1. How far apart, in nm, are two points set 7 Å out from the Cα along the Cα-to-Cβ line at S176 and at L41?
2. Once you charge only the Cβ atoms, +1 for Lys and Arg and -1 for Asp and Glu, what is the size of the charge dipole of the chain about its Cα centre, to the nearest 20 debye?
3. Between E12 and Y88, what is the label-point separation in nm under the 7 Å Cα-to-beta-carbon projection?
4. Run the dipole for the stretch 71-166 about the Cα centre, Lys and Arg Cβ at +1, Asp and Glu Cβ at -1, nothing else charged, and hand back the magnitude in debye, nearest 20.
5. So what does the Cα-only Debye profile of the chain read at q = 0.09, 0.10 Å⁻¹, as log10 I(q)/I(0), no solvent term?
6. So with the 1.4 Å probe, I'd like the accessible area per residue for the chain, rounded to whole Å².
7. Starting from 0.36 nm per residue, how many nanometres of slack lie between A129 and L142 once their C-alpha separation is accounted for?
8. Scan around Y86 for amide H atoms under 5 Å from its own, H built in the peptide plane at 1.01 Å from N, and keep only partners 5 or more places away or cross-chain.
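The values are calculated or read from the model by the stated rules, or taken from the named source; none is laboratory data. What you see is a predicted model; the values in this text were computed from it and never measured. Neighbour counts run over all protein chains shown; Cβ positions are idealised from the backbone, glycine included. Heavy atoms of the whole protein, side chains included, go into the accessibility calculation; ligands, DNA and RNA do not. Shrake-Rupley method; radii C 1.70, N 1.55, O 1.52, S 1.80 Å.
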Amino acid sequence: MRILLITGSPREGGASSVLAGAFEKGALSAGHEVFRFDAGLKKVAPCSVCEYCHTDGDRCIIRDDMDELVPHLLESEALVLASPIYYYDVTAQLRSVIGRFYACRKDMHRARTSAFLVVSGDREEESAAGSIQNYHALVHRLRWRDAGVIAARGIVTADEMRKSEFPRLAEDLGRSIGTL
Ligand SMILES: Cc1cc2nc3c(=O)[nH]c(=O)nc-3n(C[C@H](O)[C@H](O)[C@H](O)COP(=O)(O)O)c2cc1C
């Protein structure tokens, strides 16, 4: 299975990166191909609703690092999103990428498996609840098959993540995603 893993943190090697890395490790060990796009370290502008993709062209008019991602968006059989919570939602960098799905919308509706890995500093459910709800709405709208959500709550640093149970859960999910 070709898996596209899109992460959202601008913090290289941070907590959500450790979690994403564990998922990747599990997926690779099961023989899947993984393309990882660290949106937090890339330059992707938000959709400006110019509607070029609806009118003159069938792709986005903006040229930036999204060009690197689009072929994988179109071809992947699974799409996994991984993000820390920054003020009750995924990062702005990941939101920009999701907004730019607009220009690929016809291909985005193709059946595929998905998963969501989310990390919040607080333990309260409400911190990540909005992002999980948004993920489920996206999955429903695009008719993807949800393979699971891992909500790692109460984790602030990469070291706390490494010492927690969550990397093992993410690795298991990576290993089993092709069977879910
Ligand atoms: C700008 C910013 C905003 C944050 N907002 C929240 C929040 O609203 N709720 C929460 O539980 N944690 C919040 N956190 C904590 C992060 O979710 C937590 O530290 C996470 O592990 C960071 O992951 P990263 O190292 O991959 O960036 C915030 C952290 C930052 C830097």
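1. My value for the distance between the label points is 3.0 nm.
2. Numbers: 23 positive and 25 negative charges, 59 e Å.
That gives the chain a dipole magnitude of about 280 debye.
3. Here the answer is 3.3 nm between the modelled labels.
4. Working: 13 positive and 12 negative charges, 109 e Å.
The calculated dipole for the stretch 71-166 is roughly 520 debye.
5. Per q value, in the given order, log10 I(q)/I(0) is -0.29, -0.36.
6. Numbers: 8990 Å² over 180 residues.
On a per-residue basis, the chain sits at 50 Å².
7. 2.7 nm
8. T91
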